[in-house]
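The values are calculated or read from the model by the stated rules, or taken from the named source; none is laboratory data. For clarity, every value in this text was computed on a predicted model and none was experimentally measured. No Cβ is skipped: glycine too gets one built from the backbone with ideal geometry, and neighbour counts run over all protein chains shown. Areas reflect the complete protein model, heavy atoms only, side chains present, ligands, DNA and RNA absent. Shrake-Rupley method; radii C 1.70, N 1.55, O 1.52, S 1.80 Å.
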Protein chains: 2
Amino acid sequence: MTTQPLTRNQGLVFDVLTHSEGPLSAYSILDKLRDDGFRAPLQVYRALDKLLEFGLVHRLESINAFVACAHPEEGCHAHGITAFTICETCGKVTEFHDHVIEDRLKGFAKDRNFKTGKTTIEIRGTCAGCA
Amino acid sequence: MTTQPLTRNQGLVFDVLTHSEGPLSAYSILDKLRDDGFRAPLQVYRALDKLLEFGLVHRLESINAFVACAHPEEGCHAHGITAFTICETCGKVTEFHDHVIEDRLKGFAKDRNFKTGKTTIEIRGTCAGCA
DNA sequence: ATGGCAATGTAATGTTATTACATCAATTGC
DNA sequence: GCAATTGATGTAATAACATTACATTGCCAT
């Protein structure tokens, strides 16, 4: 993987996500970056688009939020499908990869000649600490 | 499963989804029901909440849309986790159930004492017809 | 009849995401 | 050097999705 240098905006957004306890919405990222000159949602969305592309950030579809990748050094794209548990009480997100699930989904798609793009796997519930 | 009789609004919303080719957003459902007296988003969302609860409708988290269950007679809740392929070209949605994936996800959650609530599995891509 | 409950109607607002257009900076080819 | 291109940015406006708050209605069990 060739590591891209991040632009100023991308770096700021990535930093906010990296230092956050849990996932953040685009608008809460925006709020955290007002002091750094951010004024409009688009500044955040544009940076997020790139970070998603680089595999440094994940989008949690079921809660419309974004989270830093758990192992950004390697570029998460290398790991295939990413799945998440999302605690609805404390917001904690855990990222995991399961080749059995991945093979199963790939098989299903292949059988039907469905060309797979992005795959979402998200489990919402309550984490051990919040139970 | 005890089959609930649907209220007027629930029935109207369910009908629209049943007769639709593909998934619909809440607002497009609203538009289709203007002539039946629908005036506000909440009328749609309330009906959808109930239909989701009954297992007659699914919400596609990754595209903010709703689709009628493929086998509503049985109440889809009976089938465990539901997974979807979503064609980004024609909008066609296919619903499927895979016990291997389900066991795998349940196992992961159990190992971490994560109490599973709703699980989302959605594959976006291109269907055979659109390839 | 009345108290409780689920469904409904309506308005307003909150939250998430995109479109459109202008500007700026770095790079490339001539 | 200097257009031409390309990618990033700034700003405003708007679109798309979802919820809160409050009033009303109809039903049914006591």
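Extent of chain A along its three principal axes (Cα atoms, max minus min coordinate, largest first): 50, 41, 24 Å.
For chain A, carbon and sulfur atoms together expose 50% of the accessible surface, with a 1.4 angstrom probe and every protein chain in place. Electrostatic tally near B:VAL44: other residues with Cβ closer than 12 Å to its Cβ, Lys and Arg +1, Asp and Glu -1, net +2.
Quick check on the protein assembly as shown: take the gyration tensor over C-alpha atoms, sort the square-rooted eigenvalues as a ≥ b ≥ c, and tell me if it's rounded (a/c under 1.5), prolate or oblate.
On the way: a/c = 1.69, a/b = 1.40, b/c = 1.21.
Since a/c reaches 1.5 and a/b is larger than b/c, the shape of the protein assembly as shown is classed as prolate.
Note: relative contact order over the range B:8-130, using C-alpha pairs below 8 Å and six or more positions apart, is 23 percent. Of the residues B:CYS127, A:ALA70, B:LEU51, the one whose Cα sits farthest towards the positive end of the charge dipole of the protein assembly as shown is B:LEU51 (charges of +1 on Lys and Arg Cβ, -1 on Asp and Glu Cβ, taken about the Cα centre). DSSP beta bridges fully contained in the protein assembly as shown are about 75 percent antiparallel.
Report, for the range B:8-130, the % of DSSP beta bridges that are antiparallel, rounded to 5. Mind dumping the intermediate values first?
Values: 9 of 14 bridges.
Roughly 65 percent of the beta bridges in the range B:8-130 run antiparallel, per DSSP.
Ignoring ligands, DNA and RNA, what accessible area per residue does the protein assembly as shown give at 1.4 Å, in Å²?
Ligands and nucleic acids excluded, the result is 54 Å² per residue.
Compute the long axis of helix B:41-54 from its Cα atoms, compare it with the longest principal axis of the Cα atoms of chain B, and write down the angle in degrees, 0 to 90, nearest 10. Around 40 degrees separate the two axes. Spatial offset of the range A:1-65 relative to the range B:49-108 amounts to 30 Å, using the alpha carbon center of each. Of the residues in the range A:108-131, those shielded by at least 30 Å² of accessible area once partner protein chains are present, compared with the chain alone at a 1.4 Å probe, are A:PHE108, A:ASN113, A:PHE114, A:LYS115, A:LYS118, A:THR120, A:ILE121, A:GLU122, A:ILE123, A:ARG124, A:THR126, A:ALA128.
Across chain B, how many lysine pairs, 8 or more positions apart or on different chains, have C-alpha atoms separated by under 21 Å? Please give the number.
Working: B:LYS32/B:LYS50; B:LYS32/B:LYS92; B:LYS50/B:LYS118; B:LYS106/B:LYS115; B:LYS106/B:LYS118; B:LYS110/B:LYS118.
Pairs that pass both the separation and distance tests number 6.
Treat each spin label as a single point 7 Å out from the Cα along the C-beta direction, and report the A:THR18 to B:LYS118 distance in nm. About 3.4 nm, to one decimal. Total buried accessible area between B and A, probe 1.4 Å, nearest 100: 2800 Å². The label-point distance for A:GLU74 and B:HIS99, in a model that sets each label 7 Å from Cα toward Cβ, rounds to 3.2 nm.
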